[in-house]
Amino acid sequence: MSQLVKELNNLDFSSYIGGPLQAAISAQTSAALATVDFIQKVGFTFKSETVNGVPTMVVDDIKYVTFNYKKTDPSVQQGWSEYTLKVPFLTMVPIPYIRIDEITIDFSAKLTSCETSDYSSEWGLNVETGVNFGRMFNFKAAASYKSKSSSGSEVNRSYDLMVHVRAVSEEIPAGLDRILRLVESEIKEDKSS
């Protein structure tokens, strides 16, 4: 039994449990950085400026999608006017924003121990007798004893690790929501001349 306890104490539980948790944190970080990268590439153009002596990238402009269309207008002779609608691109696409909601780590270790012992012994007796015609009697005896013992133990190991990760689409953070509302206010419909 002490061999099993020793085997259990040798298991690296910090790797078995901490490894998936560290991977989840890394995945969450990557997802957040992907969201930032998406917003920068899809929503804005940047320019380089020096702020307080430090080179910095600042938003230069919002990226727009421009639509040209005709709309009924009874105030003009042809009955319609051309309009241009500028819509910030960020307001038209879903922003990828997910978070890890739940992590379940199932770890099981199955250790089986088998102890063996074997003991054997062997007795041997050798007797020789003889009678000589001169009335002599011969007697020889030899005895032997041999014993053998062996013991051993064997531990079989089986480990299972199952990690379940559930990610959900998260509500947009308050700061990003405010930016989107400001960007939405930039939707403009202009009547072409």
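Read-outs throughout are calculated quantities, based only on the coordinates presented, and are distinct from any laboratory measurement. Because the structure is a prediction, the values reported are computed rather than measured. Cβ coordinates were reconstructed from backbone atoms using ideal geometry, including for glycine residues, and neighbour counts include every protein chain displayed.
Some values worked out for this structure:
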quantity: Mean residue ellipticity (222 nm) of the chain, computed from DSSP H runs ≥ 4 via -39,500 (n - 2.57), nearest 500; calculated: -8500 deg cm²/dmol
quantity: Region 40-101 shape via C-alpha gyration tensor axes, a/c threshold 1.5; calculated: oblate
quantity: Sequence-separation-based contact order of the chain, relative, with Cα cut under 8 Å and 6+ spacing, percent; calculated: 25 percent
quantity: Set of lysines with alpha-carbon distance to residue 71 below 20 Å, sequence-local pairs under 8 removed; calculated: 86, 188, 191
quantity: Anisotropy class of the chain from Cα gyration tensor, a/c 1.5 cut; calculated: prolate
quantity: Approximate spin-label separation residue 50-residue 112, in nm, with each point projected 7 Å along Cα-to-Cβ; calculated: 7.5 nm
quantity: Compactness of region 10-120, expressed as Rg and Dmax over alpha-carbon positions, Å; calculated: 30.1, 119
quantity: Ranked packing of 26-33, 83-90, 117-124, most packed first, by mean Cβ within 10 Å; calculated: 83-90, 26-33, 117-124
quantity: Residues whose placed amide H lies under 5 Å from that of residue 167, excluding near-sequence neighbours; calculated: 101
quantity: Charge-dipole axis of the chain as Lys and Arg at +1 and Asp and Glu at -1 on Cβ define it, positive-most pick from 165, 109, 72; calculated: 109
